[in-house]
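A.B. asks: Pasting a structure here, questions to come.
The values are calculated or read from the model by the stated rules, or taken from the named source; none is laboratory data. What you see is a predicted model, and the numbers here were worked out from it, not measured in a lab. When we count neighbours, we look across all protein chains shown, and the Cβ atoms used for this are built from the backbone with ideal geometry, even at glycine. Accessible surface areas use protein heavy atoms only, side chains included; no ligands, DNA or RNA. Shrake-Rupley method; radii C 1.70, N 1.55, O 1.52, S 1.80 Å.
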Amino acid sequence: MSDTLRDRLYRDLQQRALFLRAQAHAFDYADHIDARAVYPTPAALAALAHFDEPLPAVGGDGLELLDQLHREGAPASVAQTGGRYFGYVNGGVLPAAAAARWMADFWDQNAALHATSPINAKLEQVCQRWLIELLGLAPETVAGFVSGSSLATFCGLAAARYRLYQRMGWDVNRRGLYGAKPLRLIVGREAHGTVMKAIAMLGFGTDQIEWVETDDQGRMRVDRLPALDDRSILVLQAGNVCSGAFDDCASLCARAREAGCWTHIDGAFGLWVAACGELRHLVAGLELADSCSLDGHKTLNTPYAIGIALSRDSEALCAALHTSGSYIHYSGARDGMLYTPEMSRSARAVPLWAALKYLGRAGVDELVATLHQRALQFATALAASGFEVLNDVVFNQVLIACDGDARTEKVLHTLQQSGVCWAGSAHWRGRFVIRVSVCSWMTTEADVARSARAFAEAYGAHA
Ligand SMILES: *Cc1c(COP(=O)(O)O)cnc(C)c1O
C-alpha cells in the first residue's frame, strides 16, 4: 500500500517532473537576471529565515522543495551570471559549459581513476593537451584538476617541497620536516592569501617567508630579489587580485632557473592572458616556471569548482600528492587522482572541455581581450566622474578611490545598495579602495556605461 523509498525515487526519475521543474526555474532565473538587484535586497535576505525549519521527520515533496528554492533561495543569490557584477574575481558561466555539466550530472561520475570514469580520464588528457597548446606551456607539463587555485597552489608548492628535498637526498614524504634543512620561501609582498595558506598547510610556517618588496602596481621588484639557490621556492603572481598586475615572469623565472630554484606562478585568473595575442606579453617566460595555478571558474567562465594545477615536473607532483616517493609508471590510461590531493572527485574535465571546445583558440582570445576592453572603458568613465584610478589597467581589474577613505567607504556603500551593480573593496598601499573586476562574458559596453553612471551618482551623493 505505501510506497517504499525506492518506489518514490524511481518514479521521480521516470516521471521527470522534478527535472522539468528545475529546468523551468533555472530558465526563469536566467531570463530575469538583468532586471533583478545585483546583490539581494534586504527583503530577500530576510526571507532566508524560512529555511530555518526543523529537519523533517518524514520526507517531503520534491517539487515543493524546488519551488521553495526558486521562491526563497534564488532571490538571495548574487546575480553574478548577469552583466553588472564586479565583485571579487568571480566570472560568469558559459552556457555550453553549464549545459555539459548539467548533462554529466546524470552520469554522476567519480573522476578518481580511469577505472571509475574512462570518459573523464579521456577529457582530462584532452584538456591537458589543449591547455599546453593554448597557454604555450612546456610540452612535458601535466595538469591536475582540482577545486580551485587555493588547492592548485598547494599542489605546486607540495611538488616543489618534494623535489627540492629529494635533490638533497631527503624523502620528505617519509621523514617529514622534522630535522630537515629548511627550504627558503621567497614571496612578493602582494601575494594572494592562498599562497600563505598553502605555505602554512605544508608546514613551512609563514614566518619563514622572505618577502620581496613590490612596486606601486603590486609587482615584485626584480632589483629586490634576494640571491636564489637550490633550496629556494619562488612564488610569482600573474594577475594581482587587486590591480591585475603581473610579475616579470621572464626575468624572475630565468634567474630562478639559473639558481636551481623552483618557481611557482599563481595565475588564478591572469594566466589566461597567455591565450590572448594582444596580452600574452604580460606572461612572457611563463613556460620556464616549474608549476602554475589556474582557475577555470574565473576568466574562462566555467562553472565552479574548476581549478588546475600545472607542473612541468610530473614525477614531483605525483610523488607529492600520491605515492610515497615511488616512481610513477604511466600506462596508457590516465588516473586523475595521481595529480590531485583528492580521491573521489567530480568530473570537472567535462565542463572544462566543453568550455575550451566551444570557445576554441579564437573564442578564448576574444573573451580575454573583451574583459580587458570593458575594464579600460570602466577606468575611463570612472576617471571622468572624479574617481582616482590607482592602477594601470593591464587586464580586467580597476582600482579606484575618492579623496579620503571616509568618502570612498560611503560611496561604495551607496553603490552596493543601489542594486545596479556590485563591487567590493580592499586596502591598497595604505588606502581604502574600491575594486572593480570585469570577469564575465555577459558584461556589455552598455552594462559598463550603466554601472559607471551608478558609480558617478554615488560619488555625487557624498561630495
Ligand atoms: C581567486 C584567486 C586565488 C584562489 O583561487 P580559488 O579558485 O578561489 O581557490 C588565488 N590567487 C589569486 C590571484 C586569485 O585571484
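A.B. asks: Would you be able to say whether some residue in the stretch 293-309 is more than 12 Å from Val146 (Cα to Cα) and more than 16 Å from the ligand (Cβ to nearest atom)?
C.D. replies: no
A.B. asks: Further question on the same structure: Restricting attention to the stretch 338-393, report how many residues are among the β-branched types (Val, Ile, Thr) and over 15 Å from Ala275 (Cα atoms). Reasoning before the result, please.
C.D. replies: Applying the first criterion (among the β-branched types (Val, Ile, Thr)) to the stretch 338-393 yields 340, 350, 364, 368, 370, 380, 389, 393.
Next cut, over 15 Å from Ala275 (Cα atoms) only: 340, 350, 380, 389, 393.
Of the residues in the stretch 338-393, 5 are among the β-branched types (Val, Ile, Thr) and over 15 Å from Ala275 (Cα atoms).
A.B. asks: Quick check on the stretch 229-247. Is at least one of its residues among the basic types (Lys, Arg), in contact with a helix residue (DSSP H, G or I) (Cβ under 9 Å, 6 or more places away or on another chain) and within 15 Å of the ligand (Cβ to nearest atom)? Walk me through how you get there before you give the answer.
C.D. replies: Restricting attention to the stretch 229-247, the residues satisfying the condition of being among the basic types (Lys, Arg) are 231.
Filter once more, so that each one left must be in contact with a helix residue (DSSP H, G or I) (Cβ under 9 Å, 6 or more places away or on another chain): 231.
When the remaining residues are screened for being within 15 Å of the ligand (Cβ to nearest atom), the result is none.
No, that holds for no residue.
A.B. asks: So which of Gly188, Gly193 is touching a residue at least 12 places away in the same chain (Cβ under 8 Å), under 30 Å from Gly244 (Cβ atoms) and either within 14 Å of the ligand (Cβ to nearest atom) or crowded, with 22+ Cβ neighbours inside 10 Å (or both)?
C.D. replies: Gly188
A.B. asks: Would you point out the residue of the stretch 9-41, among those that are open to solvent by 70 Å² or more (accessible area, probe 1.4 Å) and touching a residue at least 24 places away in the same chain (Cβ under 8 Å), that is farthest from Gly92 (Cα to Cα)?
C.D. replies: Arg21
Residues checked against (1) open to solvent by 50 Å² or more (accessible area, probe 1.4 Å); (2) part of a loop (DSSP other than H, G, I, E, B); (3) closer than 28 Å to Arg101 by Cβ:
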{"site": "Met343", "(1), (2), (3)": "yes, yes, yes"}
{"site": "Gly363", "(1), (2), (3)": "no, no, yes"}
{"site": "Thr380", "(1), (2), (3)": "yes, no, no"}
{"site": "Leu399", "(1), (2), (3)": "no, no, no"}
{"site": "His413", "(1), (2), (3)": "yes, no, no"}
{"site": "Gln417", "(1), (2), (3)": "yes, no, no"}
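A.B. asks: Only one residue in Asp105, Asp67 is charged (D, E, K, R) and over 27 Å from the mean Cα position of the chain (by Cα), so which one is that?
C.D. replies: Step by step, each of Asp105, Asp67 is checked, and only Asp67 is charged (D, E, K, R) and over 27 Å from the mean Cα position of the chain (by Cα).
A.B. asks: Say we look at the stretch 336-350 and pick out the residues that are at pLDDT below 95 and among the aliphatic types (A, V, I, L, M); which of these is nearest to Ala289 (Cα to Cα)?
C.D. replies: Leu338
A.B. asks: Among the residues that make up the stretch 105-120, is at least one of them of a type in the set (A, V, I, L, M, F, W, C), open to solvent by less than 20 Å² (accessible area, probe 1.4 Å), within 12 Å of Trp353 (Cα to Cα) and in contact (Cβ under 8 Å) with a residue 40 or more places away in the chain? Can you show your working first?
C.D. replies: Filtering the stretch 105-120 down to residues of a type in the set (A, V, I, L, M, F, W, C) leaves 106-107, 111-113, 115, 119.
Among the residues that remain, those that are also open to solvent by less than 20 Å² (accessible area, probe 1.4 Å) are: 111-112.
In the following step, the residues that additionally are within 12 Å of Trp353 (Cα to Cα) were identified as none.
No, every residue in the stretch 105-120 fails to be of a type in the set (A, V, I, L, M, F, W, C), open to solvent by less than 20 Å² (accessible area, probe 1.4 Å), within 12 Å of Trp353 (Cα to Cα) and in contact (Cβ under 8 Å) with a residue 40 or more places away in the chain.
A.B. asks: Would you mind telling me which numbered condition in (1) farther than 30 Å from Asp171 by Cβ; (2) touching a residue at least 60 places away in the same chain (Cβ under 8 Å); (3) not in a loop (DSSP other than H, G, I, E, B) Gly386 fails?
C.D. replies: Of everything listed in (1) farther than 30 Å from Asp171 by Cβ; (2) touching a residue at least 60 places away in the same chain (Cβ under 8 Å); (3) not in a loop (DSSP other than H, G, I, E, B), Gly386 misses just condition (3).
A.B. asks: What tally of residues in the stretch 201-250 results from selecting those that are part of a helix (DSSP H, G or I) and open to solvent by 30 Å² or more (accessible area, probe 1.4 Å)? Please lay out each step first, then the result.
C.D. replies: Within the stretch 201-250, the first condition is being part of a helix (DSSP H, G or I), and the residues that meet it are 201, 206-208, 222-224, 249-250.
Filter once more, so that each one left must be open to solvent by 30 Å² or more (accessible area, probe 1.4 Å): 201, 206-208, 222-224, 250.
So the count comes out to 8.
A.B. asks: Pull out all pairs, ordered by first then second residue, where Cβ-Cβ is under 6 Å, the residues are six or more apart or on different chains, the first lies in the stretch 270-299 and is among the β-branched types (Val, Ile, Thr), and the second is open to solvent by 10 Å² or more (accessible area, probe 1.4 Å) and within 15 Å of the ligand (Cβ to nearest atom).
C.D. replies: Val273/Leu282
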